[in-house]
Amino acid sequence: MTKRYHVTTFGCQMNEHDSERMKGMLESLGYGETAERADADLILFNTCSIREKADERFVAHLHDAKIIKRGKPGTVIGVGGCWAQSMKDLVFEQFPFVDVAFGPGQVPKLAEFLTTDSITAQGYFEFEGFPAHLPTKRDRPHQAWLQISVGCNMKCSYCIVPSTRGRESSRPFEELVAEAERLAADGVVEITLLGQNVNAYGRDLRPQPRKFAELLHAVDAIPGIRRVRYTSPHPQDIKQDVVEAHRDLDSICEHIHLPLQAGSSKILKAMRRTYNRERFLDRVEMIRAGVPDVALSTDIIVGFPGETEEDFQETLEVCEAVQFDSAFTFVFSARRGTEAATFTEGLVSREEKVDRMRRLVEVVQRNAHERAQRFVGRTMEVLIEGPSRTDPSRLRGRTTHNKAVNFQGFGEPGTFTQVEITSATSQTLMGEQSLVDLALLR
Ligand code: SF4
């Protein structure tokens, strides 16, 4: 009987990619995927620990698995990802029904555990670089993640990642190009390069350090790769050569995610972000000078310890000055084991955090709406992803600016089409397929 597995993924794209590799590895061991957790012989969670909410949400799911196991004692429960790494053996103390736990860098150890009839719970939490050889089961056949490095050498005071994913380690240049070529041969047209700080890529490679822009050029040159995206860059390290790659290379998408986090230089210093407000605005100016139509998205935290109303006003001012195309906004929550968790001065009340979040969202939504109007009346190339989530009679896709487009028309996922944009909200563009493509694809 084929054993069945069920994976629940929390958190970032890195985790989504790790889950694709977990599934590929399990299927190479003869397991099959089931959509129902209750039907699984192996219940897996790939966890995040970036915010308190993430922990709480996950633990609720874990208790659901406990109930399933009570009814089916042979069920194996495994917990991977950043929460598992941050807890280590505490996982088994607090949740004794868990059989195996492993950090983000230890996915292959799950196979080891499953193929040795271990009767005791096992934890694997070493940092051993990137296990490159794992098969991958991609959720979207025409789009793929390509992890270019693991870990992070930055010391942002609120962030748990360096302690859960370890020091920065770049994958060998040739290994990445070979993997991108395999993906192209496998029908992938869009690759997203993944790293905690992608523009630090290659600094640690020996004997010859490499630059992130070199990697962009190498992936752009691979036949069949039509779009290249990347996440996440650090504003401190974004350089002119990367901007020129966006300007000169056809496949490098016109979208840059540039996490601001806060607009006050005082708060940026307390966050240990290594740049101040002026440096961030200078990077934005450099990017827009090189790629005027680029879409800029960002991350912003409100309510960081010590943030006064004046500091928060500076965040709003930077948003008004930059006019981001989109923004991910978060309320500060102290993470166990981070420096910011020890900060006791100037703590911001829950009510104040909620009020600042409301005001911030109002500003970023209005900016995003205004920015999106520049696409109305233009014909944009769209990579079709599938039926619209809101209206199955329409198709959904994405522009090079990473804008979602819902449109009337025809075409298969993974193919490109021309869409005339007729209207825009802060999140989504609406449009009509070009007559040429309509005639061709109908
Ligand atoms: S750059 Fe800062 S926020 Fe990003 S992963 Fe590294 S430490 Fe965390």
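Sort through Pro104, Pro141 and tell me the only one that's within 19 Å of the chain's Cα centre (by Cα) and crowded, with 21+ Cβ neighbours inside 10 Å. Please lay out each step first, then the result.
Numbers: Pro141 fails: crowded, with 21+ Cβ neighbours inside 10 Å.
One residue alone meets the criteria, Pro104.
Within 12 Å of the ligand (Cβ to nearest atom), crowded, with 19+ Cβ neighbours inside 10 Å and either aromatic (Phe, Trp, Tyr) or in contact (Cβ under 8 Å) with a residue 60 or more places away in the chain (or both): is that true of Tyr158 in this structure? Show your work before the answer.
Working: within 12 Å of the ligand (Cβ to nearest atom): yes; crowded, with 19+ Cβ neighbours inside 10 Å: yes; either aromatic (Phe, Trp, Tyr) or in contact (Cβ under 8 Å) with a residue 60 or more places away in the chain (or both): yes.
The answer is yes for Tyr158.
When you scan the stretch 230-279, how many residues do you find that are charged (D, E, K, R), within 12 Å of the ligand (Cβ to nearest atom) and at pLDDT 95 or above? Break it down into steps so the answer makes sense when it comes.
Here is the first cut: in the stretch 230-279, the residues charged (D, E, K, R) are 237, 239, 241, 244, 247-248, 250, 254, 266, 269, 272-273, 277-279.
From what is left, the residues that are within 12 Å of the ligand (Cβ to nearest atom) are 237, 272-273.
Okay, now just the ones that are also at pLDDT 95 or above, so 272-273.
Count: 2.
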- Message: Going through Val98, Val76, Val107, Val91 one at a time, which residue ends up being β-branched (Val, Ile, Thr), closer than 30 Å to Glu174 by Cβ and out of contact with any Ser or Thr (no Cβ under 8 Å at 6 or more places or on another chain)?
- Response: Val107
- Task: Please go through the stretch 292-304 and pick out each residue that is more than 22 Å from the chain's Cα centre (by Cα) and either within 16 Å of the ligand (Cβ to nearest atom) or surrounded by fewer than 20 Cβ atoms within 10 Å (Cβ to Cβ) (or both).
- Result: Pro292, Asp293, Phe304
- Note on the structure: Note on the stretch 266-291: residues in contact with a Phe, Trp or Tyr (Cβ under 9 Å, 6 or more places away or on another chain) and open to solvent by less than 50 Å² (accessible area, probe 1.4 Å) are Ile267, Leu268, Ala270, Met271, Arg273, Arg283
- Could you run through the stretch 272-314 and say how many residues are part of a helix (DSSP H, G or I) and under 26 Å from Asn153 (Cβ atoms)? 10
- Message: I'm trying to understand the selection: among the residues of the stretch 347-380, which are surrounded by 15 or more Cβ atoms within 10 Å (Cβ to Cβ), of a type in the set (Val, Ile, Thr) and in a helix (DSSP H, G or I)?
- Response: Val363, Val364
- Message: When you check Glu168 against the structure, is it within 23 Å of Ser86 (Cα to Cα), within 16 Å of the ligand (Cβ to nearest atom) and without any contact (Cβ under 8 Å) to a residue 40 or more places away in the chain, yes or no?
- Response: yes
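Would you please name the residue that is farthest from the ligand (Cβ to nearest atom), looking only at residues in the stretch 171-182 that are under 19 Å from the mean Cα position of the chain (by Cα) and more than 30 Å from Gly337 (Cα to Cα)? Write out each step before concluding.
Applying the first criterion (under 19 Å from the mean Cα position of the chain (by Cα)) to the stretch 171-182 yields 171, 176, 180.
After this cut, where a residue has to be more than 30 Å from Gly337 (Cα to Cα) as well, the list is 176, 180.
Numbers: Leu176: 20, Ala180: 23 Å.
The qualifying residue farthest from the ligand (Cβ to nearest atom) is Ala180.
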- Query: Can you name the residue in the stretch 186-229 that is under 18 Å from the mean Cα position of the chain (by Cα) and in a loop (DSSP other than H, G, I, E, B) and is also farthest from the ligand (Cβ to nearest atom) among such residues?
  - Reply: Tyr201
- Only one of Glu33, Glu20 is farther than 16 Å from Lys109 by Cβ and open to solvent by 60 Å² or more (accessible area, probe 1.4 Å); which? Glu33
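The values are calculated or read from the model by the stated rules, or taken from the named source; none is laboratory data. Everything numeric here is computed off the predicted structure, so don't read it as measured data. Note that each Cβ is placed from the backbone with ideal geometry, even for glycine, and that neighbours are counted across all protein chains shown. Quick note on the areas: whole protein, heavy atoms, side chains included, nothing else; ligands and nucleic acids left out. Shrake-Rupley method; radii C 1.70, N 1.55, O 1.52, S 1.80 Å.
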